[in-house]
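Notes for the one structure printed next.
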Amino acid sequence: MRLRQIEVFHAVYTTGSISAAARSLHVSQPSVSKVLHHTQYQLGFELFKLVRGRLVATDEAHALFVEVKDIYDRLLSLQKAVTHIRDIGGGHIRLAVVPSLGQHVVPAAITQYRRQHPEVTFDVQTLHHGDLFQALYERECDIAIAYNPPQHPRMQRRVLGQGQLMLLFDAAQWPGPPAAIPLRWLQDRDMVGLASSGPIGDLFTNELKRQGVSMREVVSNQTYSLAAALTRCGAGMSVLDEFTACANAGGNLLARPLEPEIGFRVECVYLEDRPPSKAATEFVRQFQRSLAETRGVPPAA
């Protein structure tokens with residue numbers, strides 16, 4: 001049986017009439033009758049008999065339908081896959097993000113995205129800024145999401161939202177702290193610092209210099225997540241991106257923005273000669289929504 005014959009037989013068997021089958025297939029009744037008669041002739045046995053003006057499936061048709069149903073279901077699955085590829089494009093997204101976004105925002109975005117597109121799979125890397133862009137150049141990822149990425153002639157970028165630096169500290173150190181911590185309050189405080197701070201760490205360092213504030217860096221490390229863990233254990237306060245700070249706040253640990261605010265952009269970056277697939281583009285939109293929900297603000301335009 002050819003695929004068209006399978007389709008017609010399935011329609012007639014499930015609807016119980018030539019006319020209903022024709023309507024479900026969006027074709028004429030003579031067309032369905034012609035295919036059905038040819039199929040029965042080709043098979044060498046009857047599939048339906050006319051009994052009191054109604055089509056009744058034969059025993060052979062019942063036996064055949066068991067096999068046909070499985071094939072028909074696979075055809076529907078194939079049609080859905082084709083539609084998905086046409087509308088979304090591709091089925092695998094290779095994503096590189098800075099580690100702090102990998103704690104909550106990216107997992108939330110991927111989970112929500114896959115509820116709508118379960119066929120799409122992901123490969124996620126959490127990399128520091130320098131390694132992240134190297135992964136793009138070497139085509140180890142399709143898109144990267146970072147903070148204040150540098151300008152580069154080979155890269156295109158899209159702003160997805162904003163973030164700000166926050167102070168993570170033990171509530172016992174500052175009873176009743178203000179809603180925002182003046183930067184001058186960090187003068188001579190024990191702080192957990194970053195040996196490789198990246199773009200947003202540079203923003204903080206420059207603001208300290210501008211205001212003439214000097215801190216005591218008691219521990220130096222490489223990541224915001226480790227800095228938060230050190231603060232949790234009592235090593236000292238830490239200035240972190242808001243996503244890491246809020247993810248670690250709770251109990252005795254408080255997270256407060258700085259004053260003046262030190263903000264940064266969250267951007268999607270990709271190679272100019274390798275734009276994102278439809279699937280990746282749709283995921284970026286979902287990430288933007290998840291980022292806005294995390295911050296409790298409307299999504300960026």
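Does the stretch 243-252 contain any residue that is of a type outside the set (A, V, I, L, M, F, W, C), touching a Lys or Arg at 6+ places or on another chain (Cβ under 8 Å), in contact (Cβ under 8 Å) with a residue 40 or more places away in the chain and on the phi > 0 side of the Ramachandran plot?
no
Considering only the stretch 32-59, how many residues are without any contact (Cβ under 8 Å) to a residue 12 or more places away in the chain and surrounded by 15 or more Cβ atoms within 10 Å (Cβ to Cβ)?
1
With the structure loaded, tell me whether E293 is in a strand (DSSP E or B) and closer than 20 Å to A108 by Cα or whether it fails that test.
no
Can you name the number of the only condition in (1) under 21 Å from H129 (Cβ atoms); (2) at pLDDT below 90 that E207 fails?
(2)
Right, K278: surrounded by fewer than 17 Cβ atoms within 10 Å (Cβ to Cβ) and in the same structural domain as I110 (by the TED database) or not?
Spelling it out, K278 is indeed surrounded by fewer than 17 Cβ atoms within 10 Å (Cβ to Cβ) and in the same structural domain as I110 (by the TED database).
Can you tell me which residue is least open to solvent (accessible area, probe 1.4 Å) among those in the stretch 113-147 that are assigned to a loop (DSSP other than H, G, I, E, B) and in contact with a Leu (Cβ under 9 Å, 6 or more places away or on another chain)?
C141
Within the stretch 233-248, track down each residue that is surrounded by 17 or more Cβ atoms within 10 Å (Cβ to Cβ) and of a type outside the set (V, I, T).
Hits for the stretch 233-248 are G236, M237, S238, L240, D241, E242, F243, A245, C246, A247, N248.
Taking S220 as the residue in question, decide whether it is assigned to a strand (DSSP E or B), surrounded by fewer than 16 Cβ atoms within 10 Å (Cβ to Cβ) and small (G, A, S).
yes
In the stretch 156-202, which residues are within 34 Å of the chain's Cα centre (by Cα), charged (D, E, K, R) and exposed (fewer than 14 other Cβ atoms within 10 Å of the Cβ)?
Listed by number, the list holds a single entry, D202.
Provide a single number: the residues in the stretch 1-31 that are open to solvent by 30 Å² or more (accessible area, probe 1.4 Å), under 42 Å from the mean Cα position of the chain (by Cα) and among the polar types (S, T, N, Q).
3
The values are calculated or read from the model by the stated rules, or taken from the named source; none is laboratory data. None of these values were measured; they are calculated from a predicted model. Cβ: placed from backbone, ideal geometry, glycine included. Neighbour counts: every protein chain shown. Note: accessible area is taken over every heavy atom of the protein model, side chains too, but ligands, DNA and RNA are not part of it. Shrake-Rupley method; radii C 1.70, N 1.55, O 1.52, S 1.80 Å.
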